[in-house]
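Participant: Next up is a structure, given as structure tokens.
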Amino acid sequence: MRSRDRFEKAFKGGQPDKVPITEAVIDRKVILAINRIIGGSPESETDYFDIYVHVLRHLKLDAVVMAVATGVENLSAEIIRDKFGREFRLSEHGEPLPSETRVSTVEELEGFDMAGAVAEEDFAEVDRLMRAFGPDMGYVLTLSDPYKESWKSNGGMQNLLICMMEDPALADGLFRATTNYLHAHIDIAADRGISGFLMPGDYAMENGLLFSLDTYRRFLKPMHVEIIDHVHERGGLITKHSDGDDWKLLDDWIETGFDGFHPVQPQCMDIAEVKAYLKGKMSVWGNIDCRTLLVTGTPDEVRETVRKTVSAAAPGGGYIMTSSNSIHPGCRPENYVAMVETLHECGAYE
């Protein structure tokens, strides 16, 4: 069975020949370390893109998760600006955090046309990856949640939470602009034959939601319905990413039409319970602990966890293995290799 077919069948809730595996993000540092482990070409003599492709092929992932360029320019060693005029301060690991408010009033929404700035050249790296891996690979495009894109435009999550309470017209305008932005991505991606989408944007902490269900239903649920309908109209599938305890949102996400839920954080959600609840409604992705296990655990502990997770989540299909968020710089490369290799050993359906 082709990787693409295996991945799409599980995405739709079906049972392929074996459990597919992918990853939302694999940090450059980890990729380079795995390349050394598997005896790949020396870094000094090889383009990073070629190393990345070689490592993913070696790991036999079933889908590649890709992102669209946003025209970033460096203003200093720590500050970057994207083509929408948003400035970010880079964390020590390169994570961009809003450094100022791009849109803070309804008046400033005038001219804030993110969708109009989307261009074919933004997909250059996506095209390169698709050429490299060919038609047998599954492809997933990241569509940043309107909530996440809006707080990135409004100076931070705390600003947007206040905005939804005190200035709903501004919040509505931000969600409209960012949703239109995602619509533009969906069409360009679908024209390229990309049928999978992942929508990152956290809605919960480990002890509950970031805001009430009423707030979600007032501001964001209509945007989700619109985006999901568009994806489905173009023949695609979409999974919702949110860390934390998302139990209270699952019924709403089923109703909106999300096809999958990622990443089932093990600190606050049990994979067997989530799989039983979502079976036949949404596929289930993730759950291999990247906060502790993949950081400080041993390869043997990783192998044991992978086997237990497959036993709990794989029966009946509809499960896609990933970490519980991403393979970030703190993850031990040998642990990720152990995770992938063990899944290949134990993930076949009899």
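Participant: Has region 96-115 got at least one residue that is farther than 30 Å from Ile320 by Cβ, free of Cβ contacts under 8 Å to residues at least 40 places away in the same chain and surrounded by 14 or more Cβ atoms within 10 Å (Cβ to Cβ)?
Facilitator: Checked against the condition, which is being farther than 30 Å from Ile320 by Cβ, free of Cβ contacts under 8 Å to residues at least 40 places away in the same chain and surrounded by 14 or more Cβ atoms within 10 Å (Cβ to Cβ), region 96-115 yields at least one hit.
Participant: Follow-up. Considering only region 194-211, state which residues are under 24 Å from Asp229 (Cβ atoms), in contact with an Asp or Glu (Cβ under 9 Å, 6 or more places away or on another chain), part of a loop (DSSP other than H, G, I, E, B) and not acidic (Asp, Glu).
Facilitator: If the condition is that a residue be under 24 Å from Asp229 (Cβ atoms), in contact with an Asp or Glu (Cβ under 9 Å, 6 or more places away or on another chain), part of a loop (DSSP other than H, G, I, E, B) and not acidic (Asp, Glu), then Ser195, Pro200, Gly201, Tyr203 are the ones that fit.
Participant: Is it true that Gly257 is crowded, with 18+ Cβ neighbours inside 10 Å and under 23 Å from Arg217 (Cα atoms)?
Facilitator: no
Participant: Also: Which of the residues that make up region 302-340 are under 22 Å from Pro200 (Cα atoms) and of a type in the set (Val, Ile, Thr)?
Facilitator: Scanning region 302-340 gives Ile320, Thr322, Ile327.
Participant: In this structure, is Glu350 at pLDDT 95 or above, surrounded by fewer than 18 Cβ atoms within 10 Å (Cβ to Cβ) and of a type in the set (Asp, Glu)?
Facilitator: When the stated conditions are applied, Glu350 does not pass them.
Participant: So if I check each of Val274, Val231, which one is outside any strand (DSSP E or B), surrounded by 15 or more Cβ atoms within 10 Å (Cβ to Cβ), over 16 Å from the mean Cα position of the chain (by Cα) and β-branched (Val, Ile, Thr)?
Facilitator: So the residue among Val274, Val231 that is outside any strand (DSSP E or B), surrounded by 15 or more Cβ atoms within 10 Å (Cβ to Cβ), over 16 Å from the mean Cα position of the chain (by Cα) and β-branched (Val, Ile, Thr) is Val274.
Participant: Moving on to the next point. For region 220-254: of the residues being in contact with an Asp or Glu (Cβ under 7 Å, 6 or more places away or on another chain) and hydrophobic (A, V, I, L, M, F, W, C), which is nearest to Glu149 (Cα to Cα)?
Facilitator: Checking each candidate, the answer is Ile238.
Participant: Considering only residues that are polar (S, T, N, Q) and surrounded by 24 or more Cβ atoms within 10 Å (Cβ to Cβ), which ones fall in region 308-323?
Facilitator: Quick first cut of region 308-323, residues polar (S, T, N, Q) only: 309, 311, 322-323.
Thr309, Thr322, Ser323 - these are the residues of region 308-323 that are polar (S, T, N, Q) and surrounded by 24 or more Cβ atoms within 10 Å (Cβ to Cβ).
Participant: Hey, another quick one. Give me the residue from region 76-96 that is assigned to a loop (DSSP other than H, G, I, E, B) and of a type in the set (Asp, Glu) and, out of that set, farthest from Gly173 (Cα to Cα).
Facilitator: Glu92
Participant: Determine if region 275-298 includes at least one residue that is closer than 24 Å to Val30 by Cα, modelled with pLDDT of 95 or more and charged (D, E, K, R).
Facilitator: yes
Participant: Another question, if that's okay. For region 185-207, give me each residue that is surrounded by 14 or more Cβ atoms within 10 Å (Cβ to Cβ) and among the small types (Gly, Ala, Ser).
Facilitator: Ala189, Ala190, Ser195, Gly196, Gly201, Ala204
Participant: Quick check: anything in region 67-75 surrounded by 13 or more Cβ atoms within 10 Å (Cβ to Cβ), in contact with a Gly (Cβ under 9 Å, 6 or more places away or on another chain), not in a helix (DSSP H, G or I) and not hydrophobic (A, V, I, L, M, F, W, C)?
Facilitator: no
Participant: Report, by residue number, each residue of region 1-35 that is surrounded by 14 or more Cβ atoms within 10 Å (Cβ to Cβ) and farther than 23 Å from Tyr319 by Cβ.
Facilitator: Result: Asp27, Lys29, Val30, Ile31, Leu32, Ala33, Ile34, Asn35.
Participant: Moving to a separate point now. Looking at (1) surrounded by fewer than 21 Cβ atoms within 10 Å (Cβ to Cβ); (2) touching a strand residue (DSSP E or B) at 6+ places or on another chain (Cβ under 7 Å); (3) part of a helix (DSSP H, G or I), which is the only condition Gly155 fails?
Facilitator: Gly155 satisfies every listed condition except (3).
Participant: What number of residues within region 97-123 are in contact with a helix residue (DSSP H, G or I) (Cβ under 8 Å, 6 or more places away or on another chain) and assigned to a strand (DSSP E or B)?
Facilitator: Result for region 97-123: 1.
Participant: Hey, among the residues in region 128-144 that are in contact with a helix residue (DSSP H, G or I) (Cβ under 9 Å, 6 or more places away or on another chain) and of a type in the set (D, E, K, R), which one's farthest from Asp191 (Cα to Cα)?
Facilitator: Asp136
Participant: Applying the selection to region 241-268, what residues are of a type in the set (A, V, I, L, M, F, W, C), touching a helix residue (DSSP H, G or I) at 6+ places or on another chain (Cβ under 7 Å) and assigned to a loop (DSSP other than H, G, I, E, B)?
Facilitator: Phe258, Val264, listed by residue number.
The values are calculated or read from the model by the stated rules, or taken from the named source; none is laboratory data. Quick caveat: nothing in here was measured; it's all calculated off a predicted structure. Virtual Cβ from ideal backbone geometry, glycine too; neighbours counted across all protein chains shown.
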